[in-house]
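For reference, the structure is listed below as C-alpha cells.
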Amino acid sequence: MFPNVTDSMESTFIGGYIHNLLQKRREPRRDSQDALEKPGRAPIYDELTGFYSQAYLTALLEQEKARAERGQGAFCVGIVGIDGFDLVDDFCGPAAGESVLRHVGAAIAVELRRADTVSRYGDDEFVFVLFHTGLDNASIPAERVRRRISSLEISSLQPARKVTASIGLAEFKRGEEVATLMGRAASALDRAGGRNRIEIG
C-alpha cells in the first residue's frame, strides 16, 4: 500500500519518492525530447511535481499517433481530475494543494508500468498514457490508480485527510487528431462529475 505521510516527513518523503520513481522510469523519448529542447521551447518536466509537462505530453501524443497510424500498436490516455480540488485551495491553502498534487502524481505513477507515462495537465489534473494497450485492458490500471488515490491519507488536509479522483479514459482511434482524443477523455471526465469514478470516452 502507498504509505501514509506525517507532517514531519511529508516534504522529504514525497520529494524522495517522486525522485526515485522518475529515476526508475525511462528517459523522455528522444524524438519528443528533441522537439522541446530548443531555445524558447517549454520545459520537459513540471517544476512542482517532477512529472512530465503538458508540452512534453503533447509532443509525445503526436509521436504515438503517428506510430498508431502505421499500425504499431494501440494506446490509451486517462485524464485524472482531483475531485473538489478547488475546495482544497480555498479552505486548506495553496501549500496543501501543492502537497495533494505531489501525492496524487506519485500514486498514479506507482500503479503504472515502467513503460507508461504520467504528465501534469493543467492546474489540477494529470494524464497517464498507456502504451500498447487497448481500451479493454486499460480499465484495469485505471481502476488501480483510482483506488490508490482514494487510499491516500494526506496530513495537510485537516481534518478530512482524504482525497479522491475521477478518470476519463479514451483509446486513440486511427484517423483522429490528438485534440479529438483528449477531448473525448475530457468529456468522459466531465461525465464522472467528481464522484470518484471512471468514465469511458
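The values are calculated or read from the model by the stated rules, or taken from the named source; none is laboratory data. Quantities reported herein were computed from a predicted structural model and do not represent experimental measurements. Here the Cβ is made from the backbone with ideal geometry for all residues, glycine too, and neighbour counts use every protein chain on show.
Things worth noting here:
- So Leu152, is it at pLDDT below 95 and either farther than 23 Å from Leu48 by Cβ or crowded, with 20+ Cβ neighbours inside 10 Å (or both): yes
- Subset of segment 52-75 [in a helix (DSSP H, G or I), over 12 Å from Gly175 (Cα atoms) and among the aliphatic types (A, V, I, L, M)]: Ala55, Leu57, Ala59, Leu60, Leu61
- Identity of the residue in segment 135-151, touching a strand residue (DSSP E or B) at 6+ places or on another chain (Cβ under 8 Å) and of a type in the set (A, V, I, L, M, F, W, C), that ends up farthest from Ala188 (Cα to Cα): Ile149
- The residue pairs whose first member lies in segment 164-180 and is farther than 23 Å from Asp124 by Cβ, whose second member is hydroxyl-bearing (Ser, Thr, Tyr) and surrounded by fewer than 24 Cβ atoms within 10 Å (Cβ to Cβ), and whose beta carbons are closer than 9 Å, counting only pairs six or more residues apart or on different chains, are Glu171/Thr133; Lys173/Thr180.
A quick yes/no check of all residues on (1) assigned to a helix (DSSP H, G or I); (2) under 23 Å from Tyr52 (Cα atoms):
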{"site": "Leu130", "(1), (2)": "no, yes"}
{"site": "Asp136", "(1), (2)": "yes, no"}
{"site": "Arg144", "(1), (2)": "yes, yes"}
{"site": "Gly175", "(1), (2)": "no, no"}
{"site": "Gly183", "(1), (2)": "yes, yes"}
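- Conditions (1) within 18 Å of Gly84 (Cβ to Cβ); (2) touching a Ser or Thr at 6+ places or on another chain (Cβ under 9 Å); (3) at pLDDT 95 or above; (4) buried (at least 21 other Cβ atoms within 10 Å of the Cβ): number failed by Arg197: (4)
- The set of residues in segment 102-118 that are buried (at least 23 other Cβ atoms within 10 Å of the Cβ) and free of Cβ contacts under 8 Å to residues at least 60 places away in the same chain contains only Ile108.
- Condition check for Ile79: outside any loop (DSSP other than H, G, I, E, B), at pLDDT below 55 and either of a type in the set (Phe, Trp, Tyr) or in contact with a helix residue (DSSP H, G or I) (Cβ under 7 Å, 6 or more places away or on another chain) (or both): no
- Here Asn20 clears all of (1) surrounded by 23 or more Cβ atoms within 10 Å (Cβ to Cβ); (2) polar (S, T, N, Q); (3) at pLDDT below 95 except the condition numbered (1).
- Of the residues making up segment 169-179, one or more are under 20 Å from Ala106 (Cα atoms) and surrounded by 14 or more Cβ atoms within 10 Å (Cβ to Cβ).
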